[in-house]
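The values are calculated or read from the model by the stated rules, or taken from the named source; none is laboratory data. Predicted model only: the values in this text are computed from it and were never measured. Note: ideal-geometry Cβ built from the backbone for every residue, glycine included; neighbour counts use all protein chains shown.
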Amino acid sequence: MIIGLDDTDSRDGMCTTYLMAVLIGKLNAFGHLKDYPLLVRLNPNIKYKTRGNAALAIDVELNDQNDAQNVMELVIHTVERMAFFSEENTNPGIVFVENSTQSMKNDLSGFSMRAVRDVLEIREAKEILSRHDIAHRGFKNERGLIGALAAAGFALCGLPDHTYELIAYREPKSWGSLREIDSGSVFAADAATRPDTWDTVDIENERIVFAPHSPDPILFGIRGNSEEAVRRAFSIIRSEPVERHVVFKTNQNTDMHLIKAKIQKVKEDRSYILEGSVSKPPKTTTGGHIIFEISENGTSIECAAFEPTKGFRRIIRELRAGDEVKVFGSVKDRTLNLEKIRIDRLNIQELRNPVCCDKRMKSMGKEQGYRCEKCGAVKKEQVTETLQRNILPGFYEVPPCARRHLSKPLVRFLKS
């Protein structure tokens, strides 16, 4: 039985991964997990999300198939007891996949990927549930059925790429209080396991980034390429008591949300990889955000490095018109929020006024040429000069403190 679960948390508490961790403990009496529990990050641009837009799934090998009904009742009861129903955006969904067919796999494979990249409606999930007679339970407006079905689909069909995250949970008496984590041990764990783990600390900004600040049950999460790597880091970290911990298989840090597209095909609330030439150079706006524009075949889009991306903005400020780039990020209000940028070619030539007597000549008006103010010499045209640039072609990314869950860090590009 595959059990999918989504939308039980709120901005004020609870966490769907914690609810699943509790469920795993309870389900030990009925069977064992066939694989790692699955943590799936869905489209990060969905306006209804509570925090990280995560959905969960487990594949349970039951000791006795006659226990299936008891398992379903246990899961439903646990959600009813632990979910934050008072939150307007909390609309839990649970699905139970037992007897899969090829037709079901085909439907779920496409649906699951769309849930990561597209904007889906509740009716689409319910149509698939009805078509394949999949047992389920939705609460309130039942929006959680979308994520629950998508996670179950990945559990059934597999992830095209995956990483691991060890999530440690706090004792309930500590929820809502400041987390007690020895920062020195976190930096030591990072040094001992990098590049097989990442985004535990932000070295440039001198801060740990693997612990949330919200009042939910999570103490911290360690991300890496293998269970061995995240467990090694976990063994080094010193903190307040851990109630329980779980290693999840996940689509985090895979770029699964990104769609390769032409600028003219871009839609709101999706994430893209776009190519083009810088058509308007960077400008700094109120708040320290950097905005520039790229164009492709006459169509343009603004790109933004927002203030939380910190030092990444230094790279963006150095862009010039004519630079050829590939940008990665999510689109909102016709602006792409940069997660990464690849500078493919720098424009190193520029038309400038000629030099005479150690000074730039002055324009005498449109198509009238240029005159030296000192000696009176005249030249008809500007000259092409080679520019000295302060950046090099290559890949650049936002710092760990600004990284989104799904964004693939460069350290994974180097290993793949």
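Quick notes on this one:
- Cross-chain or 6+ apart pairs with Cβ under 6 Å, the range 1-27 first and of a type in the set (Phe, Trp, Tyr), then part of a strand (DSSP E or B): Tyr18/Tyr169
- Test for Thr163: is it within 18 Å of Ala54 (Cβ to Cβ), β-branched (Val, Ile, Thr) and at pLDDT 95 or above: yes
- Flag if Val209 is among the hydrophobic types (A, V, I, L, M, F, W, C) and touching a Ser or Thr at 6+ places or on another chain (Cβ under 8 Å): yes
- Applying the criterion of being in contact with an Asp or Glu (Cβ under 7 Å, 6 or more places away or on another chain) and over 22 Å from Arg345 (Cα atoms) to the residues of the range 252-308, the residue that is surrounded by the most Cβ atoms within 10 Å (Cβ to Cβ) is Gln252.
- Among the strands (runs of 3 or more DSSP E) confined to the range 283-402, the ones with at least 2 residues that are of a type in the set (A, V, I, L, M) are located at 290-296, 299-305, 324-332, 335-345.
Every residue, every condition in (1) within 30 Å of Arg117 (Cβ to Cβ); (2) touching a His at 6+ places or on another chain (Cβ under 9 Å), yes or no:
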site: Thr299; (1), (2): yes, no
site: Ala321; (1), (2): no, no
site: Val325; (1), (2): yes, no
site: Ser330; (1), (2): yes, yes
site: Leu338; (1), (2): yes, no
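- Long-range neighbours under 7 Å by Cβ, at least six apart or interchain, first residue assigned by TED's automatic domain parsing to the domain that holds Ala54 and among the acidic types (Asp, Glu) within the range 131-144, second part of a strand (DSSP E or B) and modelled with pLDDT of 95 or more: Glu142/Gly93
- Exactly one residue out of Tyr36, Tyr48 is in a loop (DSSP other than H, G, I, E, B), among the hydroxyl-bearing types (Ser, Thr, Tyr) and closer than 22 Å to Gly158 by Cα: that is Tyr36.
- Residue in the range 353-368 that is nearest to the chain's Cα centre (by Cα), counting only those that are modelled with pLDDT of 90 or more and of a type in the set (D, E, K, R): Arg360
- Positions within the range 15-60 being more than 19 Å from Ile146 (Cα to Cα), out of contact with any helix residue (DSSP H, G or I) (no Cβ under 8 Å at 6 or more places or on another chain) and of a type in the set (A, V, I, L, M), in sequence order: Ala21, Ile24, Ala29
- Test: residue in the range 176-184 that is over 30 Å from Val97 (Cα atoms) and surrounded by 16 or more Cβ atoms within 10 Å (Cβ to Cβ): yes
Every residue, every condition in (1) touching a Phe, Trp or Tyr at 6+ places or on another chain (Cβ under 7 Å); (2) small (Gly, Ala, Ser); (3) in the same structural domain as Val201 (by TED's automatic domain parsing), yes or no:
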{"residue": "Ala229", "(1), (2), (3)": "no, yes, yes"}
{"residue": "Ile236", "(1), (2), (3)": "no, no, yes"}
{"residue": "Glu240", "(1), (2), (3)": "no, no, yes"}
{"residue": "Asp269", "(1), (2), (3)": "no, no, no"}
{"residue": "Leu274", "(1), (2), (3)": "no, no, no"}
{"residue": "Gly287", "(1), (2), (3)": "no, yes, no"}
{"residue": "Thr299", "(1), (2), (3)": "no, no, no"}
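- Residue in the range 263-279 that is touching a Leu at 6+ places or on another chain (Cβ under 8 Å), under 30 Å from Phe154 (Cβ atoms) and assigned to a loop (DSSP other than H, G, I, E, B) present: yes
- Every residue from the range 15-33 that is buried (at least 21 other Cβ atoms within 10 Å of the Cβ) and assigned to a loop (DSSP other than H, G, I, E, B): Cys15
- The requirement of being farther than 28 Å from Pro217 by Cβ and either buried (at least 16 other Cβ atoms within 10 Å of the Cβ) or among the hydroxyl-bearing types (Ser, Thr, Tyr) (or both) is not satisfied by Ser86.
- For the range 98-156, residues that are farther than 26 Å from Phe84 by Cα and in a helix (DSSP H, G or I) total 18.
- For the range 89-126, the candidate set comprises residues that are touching a His at 6+ places or on another chain (Cβ under 8 Å) and over 23 Å from Tyr48 (Cα atoms); within that set, the residue that is surrounded by the most Cβ atoms within 10 Å (Cβ to Cβ) is Phe96.
- Single residue of the range 189-213 satisfying the filter (part of a loop (DSSP other than H, G, I, E, B) and in contact with a Lys or Arg (Cβ under 7 Å, 6 or more places away or on another chain)) that is surrounded by the most Cβ atoms within 10 Å (Cβ to Cβ): Asp199
- For the residues Lys379, Lys340, Lys359, the requirement of being surrounded by fewer than 16 Cβ atoms within 10 Å (Cβ to Cβ) and either within 20 Å of Ile290 (Cβ to Cβ) or in contact with a strand residue (DSSP E or B) (Cβ under 9 Å, 6 or more places away or on another chain) (or both) singles out Lys379.
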